[in-house]
Amino acid sequence: MSLALDAAAQDLLFREAQTANTFTDEPVTDEQVQAIYDLVKYAPTAFNQSPLRITLVRSEDARKRLVAHAMGANGSKTLAAPLTVVLSVDLDFHEKLPRLFPALPNVKDDFFSEAGYREVAGTQNATLQAGYFILGIRAAGLAAGPMTGFDFTGVDKEFFGDGKQKSFLVINLGKPGADAFFPRSPRLSFDEAATTV
Ligand SMILES: Cc1cc2nc3c(=O)[nH]c(=O)nc-3n(C[C@H](O)[C@H](O)[C@H](O)COP(=O)(O)O)c2cc1C
């Protein structure tokens, strides 16, 4: 009763959605990925910095180059998925800030001239955007299989040679296949996760 979102949408996004480990062969189109992005791009980042970059891994060659850096079962899951995306942070996201945050035209130089700080802030905000992206995948009626079990230094060398983009998450997406889900693990209760001060 406390939530504004209708119960079916709550189920689609959260209660009934699970991380998928297998997928059907049904393709995931560029249009679907664009629709997901065009929805979740409105979710917030600091100074609207929007540092997330999305690489669609479609060709057989690119897929093989990606799974060469996968750990454990992540490689076979990725080879079998209809589409895989590599999420990365653009370490030069500040170049776009004059356009993305016109309210403070100097924010690019005042806050983000230092590369080390840019990496910390960019990674934090790109990671937030990755969470929004997972929910967007679910909003499209698809399932996501996010994975950090990759050698991201290797992935970066493979796909982002100039060092200006750092990958941090790989996501398989599509319609869930046979035995797609592991049993749901328990979650922390509100009382365990929250305190009031
Ligand atoms: C950031 C992130 C990294 C993950 N990395 C892996 C991974 O490398 N391999 C894997 O099989 N599952 C991975 N998972 C899947 C999680 O174990 C799964 O989402 C979590 O246990 C919740 O499962 P549920 O959606 O079925 O409730 C990852 C999930 C997230 C969000």
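Values in this text are rule-based calculations from the coordinates and carry no lab data. All figures in this text were calculated on a predicted structure; none of them were measured in a lab. Neighbour counts run over all protein chains shown; Cβ positions are idealised from the backbone, glycine included.
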Exercise. Amide H of Ala20: which non-local residues (sequence gap of 5 or more, or other chain) have their own amide H closer than 5 Å, using H built in the peptide plane?
Worked result: Ala144, Gly145
For this session: Scan around Leu169 for amide H atoms under 5 Å from its own, H built in the peptide plane at 1.01 Å from N, and keep only partners 5 or more places away or cross-chain.
Result: Leu87
Exercise. Can you pick out the pairs among Lys108/Lys157; Lys64/Lys175; Lys41/Lys77; Lys41/Lys164; Lys64/Lys166; Lys108/Lys166 whose Cα atoms lie more than 25 Å from each other?
Worked result: Lys108/Lys157; Lys41/Lys77
Problem set entry | Within segment 90-171, GluC sites (Glu not before Pro) in DSSP loop having at most 14 other beta-carbon neighbours inside 10 Å | Glu114
Problem set entry | Estimated vicinal HN-Hα couplings, Hz - segment 59-64 in sequence order (Karplus 6.51, -1.76, 1.60; Gly, Pro = x) | 6, 4, 4, 5, 4, 5
For this session: Just rank Tyr132, Tyr117, Tyr42, Tyr37, fewest to most, by other beta-carbon atoms within 10 angstrom.
Result: Tyr42, Tyr117, Tyr37, Tyr132
Problem set entry | Three-way shape label, segment 1-40, alpha-carbon gyration tensor, a/c 1.5 | oblate
For this session: For segment 159-176, take each phi angle, set θ = phi - 60°, evaluate the Karplus expression 6.51 cos²θ - 1.76 cosθ + 1.60, and give the result in whole Hz per residue in order, putting x for glycine and proline.
Result: 10, 10, x, 7, x, 8, 10, 10, 6, 9, 7, 10, 10, 7, 9, x, 7, x
For this session: Classify the chain as rounded, prolate or oblate, taking a ≥ b ≥ c as the square roots of the eigenvalues of its Cα gyration tensor: rounded when a/c is under 1.5, otherwise prolate if a/b is larger than b/c and oblate if not.
Result: oblate
Problem set entry | segment 137-177: C-alpha gyration tensor shape, a/c 1.5 cut-off, then a/b vs b/c | prolate
For this session: Order these peptides, 96-105, 178-187, 82-91, by their mean beta-carbon neighbour count within 10 angstrom, highest first.
Result: 82-91, 96-105, 178-187
Exercise. Can you list the HN-Hα couplings for segment 96-105, worked out from phi with the Karplus curve (6.51, -1.76, 1.60; θ = phi - 60°), rounded to whole Hz and with x for Gly and Pro?
Worked result: 8, 5, x, 7, 7, 9, x, 4, 10, x
